[in-house]
Amino acid sequence: MTLDSKQTLMPTPSYAPTMTLTTARKLAKMLHDIRQFFIARQVLEVQTPLLSQAGNTDTFLQSVTAHVTYQDQQRPYYLHTSPEFAMKRLLASWQVAIYQICPVFRDNEIGTRHNIEFTMLEWYQPHYSLNDLATELSELLSVLYGYPVVMNHYRYVDAFMDFVGIHPLTASIDALQAVAEDKGLTGFDFNNEEDSHQSWLDLLFSHAVEPNLGHDLPTLIIEYPPATAALAKTALDRDGNMVAKRFELYINGIEIANAYDELADGQALRQRFEQDNQLRRRHNLPPVPIDEHLLAACDDLPPCSGIAVGIDRLLMVLTGATCLQEVIPFPSGLA
């Protein structure tokens, strides 16, 4: 039987996934290869709860709240934005290298590179420096790509000056605002924010720097501004400026991974979490309960570095997909 030239193709069923079977098989192979990579290095796979009584206090990461009944009482729990807090509790207790592949949740994140639920690979290596972790990341990428991967190391300051033309750590707020407007980034007003300087940096970096990163080689942006430290240590760079001891991996202009030289100081972390909650109140966001278990674990946390990798975004660059919906079977709007 031959198809009549006027015959139309059957429409895609409403229940169909946005991911093809071919891509699903590539994902399965990638997850298998990741697990074999860590098995060979004696890194323990762990599983921690998705729900927690504490949440992420970060002003720019909104937790998904779940109302549960516990001991006959209604109370809010939070779906984790990353398994970091619980994994550090394991690390403090067991003192061995660990990794996890799990779903994570971030409210109100929808777009070509965002989804409310996505998959994260996270691992922690005791007594690893950031350079040690970068080397291990390169080795993992080499396995997934099937050939040796060399990564470019690029200081945040240098990338900013190359693509924006102004020093990010010493420029005034007025200068940053003027450069943003010159680049067509208008309609933004950060002047009433606690750290408007960092807000202008974030805007300029995301629009003028990020799209240029990682097209020739996977690129590690290192030595971020101290305001972005989150749970990372800080230190002086070679120019005497305070910077965060962290890096982010970019491939084809897409942020793939985020790594910290982990801060194991419970008192310092408490201050950061409390400052986060103060900022949340100023932005009319509800404060989030601080994870007291994590703060207690800090006393026993070994010196370590940790990294989170977006599995879906990594699969995007490995397969040449143009949006996250091609590598997730049922994105949030269809789940």
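The table that follows gives values for the structure above.
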quantity: Burial ordering of 116, 222, fewest other beta-carbon atoms within 10 Å first; calculated: 116, 222
quantity: Nitroxide proxy distance, nm - points 7 Å out along Cα→Cβ at residue 174 and residue 285; calculated: 3.0 nm
quantity: Distance between segment 168-190 and segment 54-124 - C-alpha centres, whole angstrom; calculated: 33 Å
quantity: Residues residue 72 and residue 252, FRET efficiency given R0 of 56 Å [Cβ-Cβ distance, rounded to 0.05]; calculated: 0.65
quantity: Cα centroid of segment 140-166 to Cα centroid of segment 273-335, whole Å; calculated: 22 Å
quantity: Under the Karplus curve 6.51 cos²θ - 1.76 cosθ + 1.60, θ = phi - 60°, whole-Hz ³J(HN,Hα) for segment 295-303, x wherever Gly or Pro sits; calculated: 4, 5, 5, 4, 4, 10, 6, x, x
quantity: Placed amide H near residue 45: partners under 5 Å, 5+ positions off or other chain; calculated: 99
quantity: Amide H partners (placed H, <5 Å) of residue 114, local residues excluded; calculated: 324
quantity: Charge context of residue 233, other residues only, Cβ under 9 angstrom, K/R +1, D/E -1; calculated: -1
quantity: Percent RCO, i.e. relative contact order, over segment 207-265, from Cα pairs under 8 Å lying at least 6 residues apart; calculated: 38 percent
quantity: Long-range HN-HN contacts of residue 57 with modeled amide H, under 5 Å; calculated: none
quantity: Karplus-derived HN-Hα couplings along segment 18-28 (A = 6.51, B = -1.76, C = 1.60, θ = phi - 60°), whole Hz, x at Gly and Pro; calculated: 8, 9, 7, 4, 4, 5, 4, 5, 5, 5, 4
quantity: Modelled FRET efficiency - R0 22 Å, residue 332 with residue 14, Cβ distances, 0.05 increments; calculated: 0.85
quantity: Local electrostatic count at residue 158 - Lys and Arg +1, Asp and Glu -1, tallied over other residues with Cβ under 13 Å; calculated: -2
quantity: Net charge of neighbours whose Cβ lies under 14 Å from the Cβ of residue 303, counting Lys and Arg as +1 and Asp and Glu as -1; calculated: -3
quantity: Pairwise label distance in nanometres, residue 189 with residue 267, each label 7 Å out on the Cα-Cβ vector; calculated: 4.1 nm
quantity: Whichever lysines have a C-alpha closer than 30 Å to that of residue 183, once near sequence neighbours (fewer than 8 apart) are set aside; calculated: 245
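Each reported figure results from applying straightforward, stated rules to the coordinates on display, with no laboratory input. The structure displayed is predicted, hence computed values, not measured ones. Glycine gets a Cβ as well: all are built from the backbone with ideal geometry, and neighbour counts include every protein chain shown.
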